[in-house]
Amino acid sequence: MNEQIRAREVRLVGPEGEQVGIVPLERALQLAADVDLDLVEVAPMARPPVCKLMDFGKFKYESALKAREARRNQQQTVIKEMKLRPKIDPHDYETKKGHVVRFLKAGDKVKVTIMFRGREQSRPELGYRLLRRLESEISELGYVEAAPKQDGRNMIMVLAPHRATKAAATAARGGGPRERESGAAEAPPAEAAGPAGTTGE
């Protein structure tokens, strides 16, 4: 900007975007001083570099406002995780389903993991049935984005909120940005919480 520019001549653009042409750097700096504006290098790799006459302080301020607005309107995708066992107790199932419902209502995706232990690994259909049951019971709020898939000792399915569900969640937040959460579920005291972002058995 201004005296920091090292080129001998520049392709000058006026404050309204008009093309002035190629002029010596001294002439461009004088024109900038005459209209009380800054000479700003906008395309340094061009030959000769392109410079524009502008109010650089105003430009920085407006750029910061635009960046802030973009962050405010940005929808961040958060993926929560819920872990279940294939032979889960009915009460525990309802509790964990409640967490899944809450996550979907908040506009978040949910990775549901069925954890198999010992001989349970020979009965993958138990986990599959449980995931399909959960899918049917939350169908009004979300849908299966990634179908159940065996991954070693686990079976994983990803749920995503319907567009209307996500829109309602955004409206409830007033359209403001959501801070990225750790994803920890609010499990009852009797349950052991898993790592951040999970609710474990």
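Number of Lys-Lys pairs in segment 79-172 with C-alpha atoms under 19 Å apart and a separation of 8 or more places or on different chains: 29.
Taking the three principal axes of the alpha carbon atoms in segment 51-164, the coordinate ranges are 74, 28, 19 Å, sorted in descending order. When both bridge partners sit in segment 1-85, DSSP labels roughly 75% of those beta bridges antiparallel. The trypsin sites (Lys or Arg not before Pro) of segment 88-123 that meet both conditions, a loop assignment by DSSP and at most 11 other Cβ atoms within 10 Å of the site Cβ, are R117.
Just so you know, all these numbers are worked out from the coordinates, no wet-lab data involved. Note that the structure is a prediction, hence the values are computed from the model and not measured. Every residue, glycine as well, gets a Cβ built from its backbone with ideal geometry; the counts of neighbours run over all protein chains shown.
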